[in-house]
Amino acid sequence: MNSVDFNWVWGRWVMGGPTALLTALRVYGKDRVPRRGGLVVALNHFSWLDIPAYGWATPRPIYYLAKAEAHAVPVAGAYLRLFGSFAVRRGESDREAVRRMREVVRDGHMLGVFAEGTRQRSGVPGPVQPGAAMVALNEDVPVICAAIHGSQHWKATRPTAVSIAWGEPIRFRDLPRGSQGYRQASGEIEAELYRLWSWLRDLHEAGRPRDAVPPRAPEALRAAVTVPYR
C-alpha cells in the first residue's frame, strides 16, 4: 500500500463520513467501478461538498485533478496533495499537468477529472472540457462517469439530500487521437453525465428508492473491462 492509498483509508472516514451523514448521501451503481487498472473518472461539479462526497462514494482512491489556486492555499493545498491530488493551471496549456494525468492512469490508478472544468452555478451539468477524453484516448483506458445531484442546493442552514450515480465504463472506439477525437469523446461524456444526473433528479422526485439501478451506457460505448471488479 503506497502513501496515497494509506491516506485514503483514514481520509475517507475523516472527511467523507461526516459529509455522507450531513447530506444523507446515497450511492448508486458503485459495483460498476473496476477495482484495478488505470481509468479516467469524469465527474460533474456543483459544490465544495462534491469532493468528499465522491471520495466517500468511490471504492478506490481518486487522484483528483484540481485547480492551481486550490493547491496554492498553504494548508488546503498540502491536504489535497496527501490524497494524490495535483494541480493544473486553468485557461492555459499546462504540459506538466497533462504529463501527470497520463502517468496516473498508466500506473494503474484512477484519475478524477471534474469534466466541466469548474463548478456549475446553474445547478445543471455544463459543457465538458476535453481533458478527460484526451487522457482516455491517448492512454487507451476506459472512462467511467459519475454524477452528483443535490449538492447544488445544500446549505448548512438548510441541508438537503445528495445522491451519486456511477455509470458503466465506456471506451471511444475508432476515434482519432487529436482535437476532433477529443471533441467527439467529450460530447459522449457530456451526454452520459447529463443522462446520469437527469436520472438522479427524477429519482429524488420519486423519494430515492435504495434499490434503484442507474441507466446503462449506450451499447456502442460499453467497455469490455478485463480487469477484475473485486
- prompt: Pick from the range 124-141 the residues that are open to solvent by less than 10 Å² (accessible area, probe 1.4 Å) and out of contact with any Ser or Thr (no Cβ under 9 Å at 6 or more places or on another chain): which of them is farthest from R208 (Cα to Cα)?
  reply: V135
- prompt: Just for the range 138-186: of the residues that are touching a strand residue (DSSP E or B) at 6+ places or on another chain (Cβ under 8 Å) and β-branched (V, I, T), which one is nearest to P218 (Cα to Cα)?
  reply: I170
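Considering each of I170, I148, I144 in turn, give the residue that is closer than 22 Å to R36 by Cα, at pLDDT 95 or above, within 13 Å of the chain's Cα centre (by Cα) and not acidic (D, E).
On the way: I170 fails: within 13 Å of the chain's Cα centre (by Cα); I148 fails: closer than 22 Å to R36 by Cα.
Answer to the selection: I144.
So that you can scan it fast, the table gives a plain yes or no per residue for (1) among the charged types (D, E, K, R); (2) buried (at least 20 other Cβ atoms within 10 Å of the Cβ):
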position	(1), (2)
H149	no, yes
T157	no, no
G187	no, no
L193	no, yes
L196	no, yes
R201	yes, no
field: Lone unmet requirement of (1) open to solvent by less than 10 Å² (accessible area, probe 1.4 Å); (2) in contact with a Leu (Cβ under 7 Å, 6 or more places away or on another chain); (3) of a type outside the set (D, E, K, R) for V33
entry: (2)
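Would you confirm, using the coordinates I've provided, whether D202 is farther than 21 Å from G117 by Cα, part of a loop (DSSP other than H, G, I, E, B) and not aromatic (F, W, Y)?
The answer is no for D202.
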- prompt: So which of G108, G112, G117, G123 is farther than 13 Å from H45 by Cβ and of a type outside the set (D, E)?
  reply: G108
message: Return the residues of the range 61-78 that are modelled with pLDDT of 50 or more and either assigned to a strand (DSSP E or B) or open to solvent by less than 20 Å² (accessible area, probe 1.4 Å) (or both); say none if nothing qualifies.
response: I62, Y63, Y64, L65, A66, K67
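Considering only residues that are among the charged types (D, E, K, R) and modelled with pLDDT under 95, look in the range 111-139 and name the one that is farthest from D31 (Cα to Cα). Quick ask: steps written out before the conclusion?
Our first condition is that a residue be among the charged types (D, E, K, R); within the range 111-139, this holds for 116, 119, 121, 139.
Checking which are modelled with pLDDT under 95 leaves us with 116, 119, 121.
Numbers: E116: 25, R119: 27, R121: 30 Å.
Checking each candidate, the answer is R121.
The values are calculated or read from the model by the stated rules, or taken from the named source; none is laboratory data. Small disclaimer: the values here were computed from a predicted structure and weren't measured. Methodologically, a virtual Cβ is constructed for each residue, glycine included, from the backbone with ideal geometry; neighbour enumeration extends over all protein chains shown. With ligands, DNA and RNA removed, areas are computed over all heavy atoms of the protein, side chains included. Shrake-Rupley method; radii C 1.70, N 1.55, O 1.52, S 1.80 Å.
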